[in-house]
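The values are calculated or read from the model by the stated rules, or taken from the named source; none is laboratory data. It should be emphasised that the depicted structure is a prediction, and the values quoted were computed from it without experimental measurement. Here the Cβ positions follow ideal geometry from the backbone for every residue, glycine too, while neighbour counts run over all protein chains shown. These accessible areas exclude ligands, DNA and RNA; they are computed on the full protein's heavy atoms, side chains included. Shrake-Rupley method; radii C 1.70, N 1.55, O 1.52, S 1.80 Å.
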Amino acid sequence: KENNEDFANYLQFNLMSNFIDNLGTSGRSNSSRGSKKFSRTITDSPKSEQNLRDILKSASVKMKVTASKDIRKHYKVNDKVFSKSLNDIDKCTSSGNRGIHFIQSSEVRTLEDIGCWNIDIFGVSEVSNGHPILTVVHNIFKQDLEVGEFTTSTLLRDLEVNEEKFFRYVQVIESQMHPENVYHNAVHVADVVHNMLWLLTKGEMAARLGLSKFEVFTSLFACMIHDFDHPGVSNDFLVRTSDKRAVLYNNQSVNENWHVAQAFGLLNEHHEEISWDESWTEDCLFKFRKLCVSMVLATDMSRHFELLGKFRNRVVSSPNAEEAFNPLDAKDRETVLVMAIKACDIATQGKEWKLARKWAMLVQEEFYSQGDKEKDLALTVSPLCDRENVDIVKSQIGFIDAVLFPLYEPLSKVLPNAKCVLTQLERSKSMYKKEMAARSSSQKSLKSSSI
């Protein structure tokens, strides 16, 4: 914590909330033991449970609001965001007053490097005139990409998905990804979908787990909707400002619940133009939605260590990590898919350096934007969100060490081809350290010249 306080605070207050909530329980409980272990990890020195509780009650606790400030008097809800009901998409389709123009399949550009881990997704967005989700998804289901024992080009037909309506649905999803969000926008979603494609194909996840066509389609679909209509702020911000989304979902995985509910709300209204699931049985739709909900809700980072801990335990306790999960067990397959979408969602620092550094800059700017809002509302600024104090290089090194390595190490034991991501993570960390050293050297030179 002394060396990287900003990231330590982020880890405590954002990713460890499930553990922190249990700090008041008996010292004999599992949650208390987990809290003590967490304290040693962050501070590099033992701390008592009581001491950690004192820290969380201090002035730096994220939930603390400046004295006598009533948030509801200062925070104005963006009516444009919340004016639509869960299932109201008339304005997105041609039946509304401001219907979108649906792009035809013949107009979508073919990607030569589809399925390559380091595809330049920013370039895809540029050549597609701002339609990276449609372009990636269309290429996945139109090209003959090997996924286990079948190819992606046959998936829609074999699953009785109405192809024309499905690609219209994809465009409606993309139309509600807000470009004003510098990170949580269509480019990020397209990147996550493509990451999942890589894990399924070159990562050999589909082959090793014996995933069905239904499960492959569902995993790609879940990635496509996982940040649908994202507001560009964290769950914590929505909770602290009594946002309507937080009220609707009782402060629980607010954004993630909203994403998946809104996406399925589009289908539940049975809009003729986008009802791609019209041939599916009720049982099929139930299983589809159940797996999607499980995967999307898992992207809530407050559940990160809870889910990762269970996954790691399975891997560590197995004599052969590659066989830790039974391909014949649907629950085991779901467990790996849940970890896969988490890995895909936060994979940016596992890409080649020019992409990793750009993504780091974008996510940090979105954090800063939230921090600016929090200052305007007299809220304590969330960890990593204060543009005047946060060191982006240190925070990225912290994220790689504390979050990405612990996630990709067990995943790469189950899916050995994912080890190349670990190599790139090492590269990114090395580049950040070089950047930090160069900056330190420059600062010393400036001090010397000023003497």
Selection status of Thr154, more than 23 Å from Leu355 (Cα to Cα), surrounded by 19 or more Cβ atoms within 10 Å (Cβ to Cβ) and hydroxyl-bearing (Ser, Thr, Tyr): no
Subset of region 161-204 (residues that are touching an Asp or Glu at 6+ places or on another chain (Cβ under 6 Å) and either farther than 30 Å from Pro416 by Cβ or surrounded by fewer than 20 Cβ atoms within 10 Å (Cβ to Cβ) (or both)): Arg168, Gln176, Val182, Tyr183, His184, Ala186
Members of region 345-355 found to be among the hydrophobic types (A, V, I, L, M, F, W, C) and surrounded by fewer than 23 Cβ atoms within 10 Å (Cβ to Cβ), listed by number: Ile346, Trp353, Leu355
Boolean, Val254 is of a type in the set (A, V, I, L, M) and under 16 Å from the mean Cα position of the chain (by Cα): yes
Residue that is modelled with pLDDT of 95 or more, within 25 Å of Ile173 (Cβ to Cβ) and touching a His at 6+ places or on another chain (Cβ under 7 Å), where the choices are Thr281, Thr299: Thr299
Tally of residues being aromatic (Phe, Trp, Tyr), outside any loop (DSSP other than H, G, I, E, B) and crowded, with 20+ Cβ neighbours inside 10 Å across region 205-244: 3
Contacts under 7 angstrom Cβ, first residue in region 363-385 being closer than 13 Å to Arg240 by Cβ and open to solvent by 20 Å² or more (accessible area, probe 1.4 Å), partner modelled with pLDDT under 95 and of a type in the set (D, E, K, R), 6 or more apart: Ala378/Lys69; Thr380/Lys62; Thr380/Lys64
Any pair with Cβ under 6 angstrom, 6 or more apart, that starts in region 109-136 at a residue that is farther than 17 Å from Ala186 by Cα and ends at one that is aliphatic (A, V, I, L, M) and open to solvent by 10 Å² or more (accessible area, probe 1.4 Å): Gly115/Leu145
Helices (runs of 4 or more DSSP H) (entirely within region 255-371) containing at least 2 residues that are among the aliphatic types (A, V, I, L, M) and within 30 Å of Leu155 (Cα to Cα): 282-297, 330-345
